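A.B. asks: Take this structure, written in structure tokens, and hold onto it; I'll ask about it next.
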Amino acid sequence: MRTWRCTICGYLHEGDSPPAFCPLCHATADKFELIESVGQSRSFAGRLKEALGQMRETFAPHAVSAHFPAALIPTAVLFLVLAMVSGSRSLEFAALALQVVIVVSIPVTMLTGFFIWQKNYHKSRSVIFKKKIALAWLLLLIASAIMMWRLLAPDLLSNGGAGSAFYLLLNFFMLACVTLLGHYGGMLVSAQRKTDG
């Protein structure tokens with residue numbers, strides 16, 4: 001028995017030979033490398049060093065940073081809706097706190113996306129990249145407007161009326177932007193896997 005590692009995604013496979021295709025990224029068998037034979041004893045420090053090395057080799061800063069707004073935006077919108085329904089000030093404050101983190105994380109995601117676009121796609125001017133860039137700027141604008149409006153008008157939700165309704169609508173626009181960005185990012189990753197496989 002041997003252990004094989006996919007050089008594309010880091011998946012580990014135990015067997016006499018590598019699998020025909022990686023079950024995670026669909027890389028072919030030639031993308032696997034032999035990393036150890038079963039029976040070889042390695043210390044915890046050695047295994048940790050190898051795991052950190054694998055992580056360094058396969059670490060994708062844009063994918064990591066993109067998950068922050070992608071996860072926080074739906075959560076912030078949910079907290080906001082619950083706050084509006086229940087009148088809970090703590091849920092509304094939680095939505096605001098998340099909004100601040102969202103606004104801080106979006107430029108990091110945009111910067112890492114720019115480097116991926118430059119490195120892997122040679123600044124391609126295809127429609128999908130134009131859409132992603134426009135949506136990213138729109139997301140930053142909407143998220144910043146939501147945060148600033150709420151900071152400048154602390155009683156916005158408790159006052160009700162058209163202002164509260166428009167504020168909620170902006171939050172749903174923000175949610176739509178991040179959903180579309182995730183969709184287009186998924187399309188690019190899927191297309192990349194097909195060309196690599």
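The values are calculated or read from the model by the stated rules, or taken from the named source; none is laboratory data. If you're wondering where the values come from, they're calculated on a predicted model, not measured in any experiment. As a convention, Cβ positions derive from the backbone with ideal geometry for all residues, glycine included, and neighbour counts pool all protein chains shown. What goes into the accessible areas is simple: the full protein's heavy atoms, side chains included, and nothing from ligands, DNA or RNA. Shrake-Rupley method; radii C 1.70, N 1.55, O 1.52, S 1.80 Å.
A.B. asks: When the residues of segment 39-87 are narrowed to those that are of a type outside the set (A, V, I, L, M, F, W, C) and touching a helix residue (DSSP H, G or I) at 6+ places or on another chain (Cβ under 7 Å), which ends up nearest to G10 (Cα to Cα)?
C.D. replies: Residue satisfying both the conditions and the ranking: P61.
A.B. asks: Turning to a different aspect of this structure: Out of S65, S88, I need the residue that is of a type in the set (S, T, Y), open to solvent by less than 50 Å² (accessible area, probe 1.4 Å) and over 29 Å from L156 (Cα atoms). Which one? Can you show your working first?
C.D. replies: Values: S88 fails: over 29 Å from L156 (Cα atoms).
Step by step, each of S65, S88 is checked, and only S65 is of a type in the set (S, T, Y), open to solvent by less than 50 Å² (accessible area, probe 1.4 Å) and over 29 Å from L156 (Cα atoms).
A.B. asks: Looking only at segment 112-124, how many residues end up being part of a helix (DSSP H, G or I), closer than 19 Å to W137 by Cα and over 13 Å from the mean Cα position of the chain (by Cα)? Quick ask: steps written out before the conclusion?
C.D. replies: To start, the set of residues in segment 112-124 that are part of a helix (DSSP H, G or I) comprises 112-121.
Add one more test, that the residue is closer than 19 Å to W137 by Cα, and what stays is 112-118.
Next, from what is left, pick out any that are over 13 Å from the mean Cα position of the chain (by Cα): 114-118.
Adding up the residues that qualify gives 5.
A.B. asks: Between residues in segment 135-148 that are closer than 13 Å to F172 by Cα and residues that are assigned to a helix (DSSP H, G or I) and open to solvent by 30 Å² or more (accessible area, probe 1.4 Å), which pairs lie under 6 Å by C-beta distance while being six or more apart or on different chains?
C.D. replies: If the second residue must be assigned to a helix (DSSP H, G or I) and open to solvent by 30 Å² or more (accessible area, probe 1.4 Å), the pairs left are I142/F173.
Here is a yes/no grid of residues against (1) in a helix (DSSP H, G or I); (2) in contact (Cβ under 8 Å) with a residue 12 or more places away in the chain:
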| site | (1), (2) |
| --- | --- |
| S17 | no, yes |
| I35 | no, yes |
| G46 | yes, no |
| K49 | yes, no |
| R56 | yes, no |
| A66 | yes, yes |
| L72 | yes, yes |
| S90 | yes, no |
| F93 | yes, no |
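A.B. asks: Of the residues that make up segment 111-124, is at least one of a type in the set (D, E, K, R), on the phi > 0 side of the Ramachandran plot and out of contact with any Asp or Glu (no Cβ under 6 Å at 6 or more places or on another chain)? Before the answer, list the steps.
C.D. replies: Restricting attention to segment 111-124, the residues satisfying the condition of being of a type in the set (D, E, K, R) are 119, 123.
Those left that are additionally on the phi > 0 side of the Ramachandran plot: 123.
This time we only want the ones that are out of contact with any Asp or Glu (no Cβ under 6 Å at 6 or more places or on another chain), so: 123.
Among the residues of segment 111-124, at least one is of a type in the set (D, E, K, R), on the phi > 0 side of the Ramachandran plot and out of contact with any Asp or Glu (no Cβ under 6 Å at 6 or more places or on another chain), which makes the answer yes.
A.B. asks: Taking the condition modelled with pLDDT of 80 or more, hydrophobic (A, V, I, L, M, F, W, C), open to solvent by 70 Å² or more (accessible area, probe 1.4 Å) and more than 28 Å from I116 (Cβ to Cβ), does L24 pass?
C.D. replies: On the way: modelled with pLDDT of 80 or more: yes; hydrophobic (A, V, I, L, M, F, W, C): yes; open to solvent by 70 Å² or more (accessible area, probe 1.4 Å): yes; more than 28 Å from I116 (Cβ to Cβ): no.
Criteria not met by L24.
A.B. asks: Considering each of Y167, Y121 in turn, give the residue that is among the aromatic types (F, W, Y) and surrounded by 15 or more Cβ atoms within 10 Å (Cβ to Cβ).
C.D. replies: Among Y167, Y121, only Y167 is among the aromatic types (F, W, Y) and surrounded by 15 or more Cβ atoms within 10 Å (Cβ to Cβ).
A.B. asks: Quick check, is A143 more than 19 Å from P61 (Cα to Cα), at pLDDT below 95 and not acidic (D, E)?
C.D. replies: no
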